[in-house]
Amino acid sequence: MILYPAIDLKDGQAVRLLKGDMDKATVFNDDPAAQAEAFVRAGCEWLHLVDLNGAFAGTPVNAAPVEAILQRCPVPAQLGGGIRDMATIERWLDKGLARVILGTVAVENPDLVRDAARAFPGQVAVGIDAREGRVATKGWATETDLRATDLARSFEDAGVAAIIYTDINRDGAMQGPNIDETAALARAVSIPVIASGGVSSLADLIALRDCGAALNGAISGRALYDGALDLEQALATLRA
């Protein structure tokens, strides 16, 4: 299972939100690229990037710090937030991004996800963000009646590289991940699933690894910044 350190970008800074609330942002680093380099020095194999402003605006906003991370860090990175058309997908992949994450458009324009997955094999992931099992879009500001598992199943034959499943109520709350919901979604599809939201300790990572659903990875942010989770120790544990 791969551990993805998260760098959430708001107004050019590396921040963490509480349960997706843009008004409850804690700034952890004014230099996101330096933060990314620190994660790489600790041994991470991937980086998980989110353009928070872009998720609300519907178009990339924090392009400069993302480009700086791509230029300065040798490990692959995936990015979500504000990626809602083929031109933006192509532009980011051309800049060296390893994988784009499509969230809002997975609900509003699923054909774009399918077209992109065909055009860029292995480089398109679907981001499914949910509250109480129901999908939220547009930076988590818009609630839908769509069940997360139903959305995941709808892409079973699309060729997407992964599904990133975020339990919004756990995100940034340091209360542990929603293991039951994540495992249920992972068992419902053959697409690799990456868990996100609430991963706050080594015990959380071990529980996800051993949940019986063969998760592809887990994303952690605040716990790494706060020191509740030691990145080097976590990586060593997952590789053992």
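The values are calculated or read from the model by the stated rules, or taken from the named source; none is laboratory data. The structure displayed is predicted, hence computed values, not measured ones. Ideal geometry is used to build each Cβ from the backbone, glycine not excepted, and the neighbour counts take in all protein chains shown. Remember, those area values only see protein heavy atoms, side chains included, never the ligands or the DNA or RNA. Shrake-Rupley method; radii C 1.70, N 1.55, O 1.52, S 1.80 Å.
In this entry, Ala25 passes the filter for residues that are among the small types (Gly, Ala, Ser) and at pLDDT below 95. For Val107, the conditions (1) in contact with a strand residue (DSSP E or B) (Cβ under 6 Å, 6 or more places away or on another chain); (2) in a loop (DSSP other than H, G, I, E, B); (3) open to solvent by 10 Å² or more (accessible area, probe 1.4 Å) are fulfilled apart from (2).
Here Thr237 does not qualify as farther than 30 Å from Arg41 by Cβ and surrounded by fewer than 17 Cβ atoms within 10 Å (Cβ to Cβ). Check whether at least one residue in the range 218-236 is touching a residue at least 40 places away in the same chain (Cβ under 8 Å), within 21 Å of Leu17 (Cα to Cα), outside any helix (DSSP H, G or I) and out of contact with any helix residue (DSSP H, G or I) (no Cβ under 9 Å at 6 or more places or on another chain), and report yes or no. Taking every residue of the range 218-236 in turn, at least one turns out to be touching a residue at least 40 places away in the same chain (Cβ under 8 Å), within 21 Å of Leu17 (Cα to Cα), outside any helix (DSSP H, G or I) and out of contact with any helix residue (DSSP H, G or I) (no Cβ under 9 Å at 6 or more places or on another chain).
One residue alone among Tyr225, Tyr165 is open to solvent by less than 10 Å² (accessible area, probe 1.4 Å) and not basic (Lys, Arg), and that residue is Tyr165. When we screen Asp145, Asp150, Asp157 for residues that are surrounded by fewer than 23 Cβ atoms within 10 Å (Cβ to Cβ), part of a loop (DSSP other than H, G, I, E, B) and without any contact (Cβ under 8 Å) to a residue 24 or more places away in the chain, the only hit is Asp157. Looking only at residues of the range 17-51 that are in contact (Cβ under 8 Å) with a residue 12 or more places away in the chain, aliphatic (A, V, I, L, M) and open to solvent by 20 Å² or more (accessible area, probe 1.4 Å), we find that the one that is nearest to Gln175 (Cα to Cα) is Leu18. Looking at Ala87, Ala77, just one residue is more than 22 Å from Asn216 (Cβ to Cβ) and among the hydrophobic types (A, V, I, L, M, F, W, C), and that residue is Ala87. Checking each residue in the range 89-104 for being at pLDDT 95 or above, farther than 23 Å from Gln35 by Cα and buried (at least 20 other Cβ atoms within 10 Å of the Cβ) picks out Ile89, Leu102.
Of the residues making up the range 27-63, those that are within 15 Å of Ser220 (Cα to Cα) and either aromatic (Phe, Trp, Tyr) or outside any helix (DSSP H, G or I) (or both) are Phe28, Phe39, Ala42, Gly43, Cys44, Glu45, Trp46, Leu47, His48, Leu49, Val50.
Which of the following residues is closer than 20 Å to Gly122 by Cβ, open to solvent by less than 30 Å² (accessible area, probe 1.4 Å) and over 16 Å from the mean Cα position of the chain (by Cα): Val189, Val193?
Numbers: Val193 fails: over 16 Å from the mean Cα position of the chain (by Cα).
None of the others qualify; the one that does is Val189.
Of the residues screened, Asp180 is one that is assigned to a helix (DSSP H, G or I), acidic (Asp, Glu) and either surrounded by fewer than 24 Cβ atoms within 10 Å (Cβ to Cβ) or touching a strand residue (DSSP E or B) at 6+ places or on another chain (Cβ under 7 Å) (or both). Within the set Ala116, Ala130, the sole residue that is small (Gly, Ala, Ser) and either open to solvent by 50 Å² or more (accessible area, probe 1.4 Å) or in a helix (DSSP H, G or I) (or both) turns out to be Ala116.
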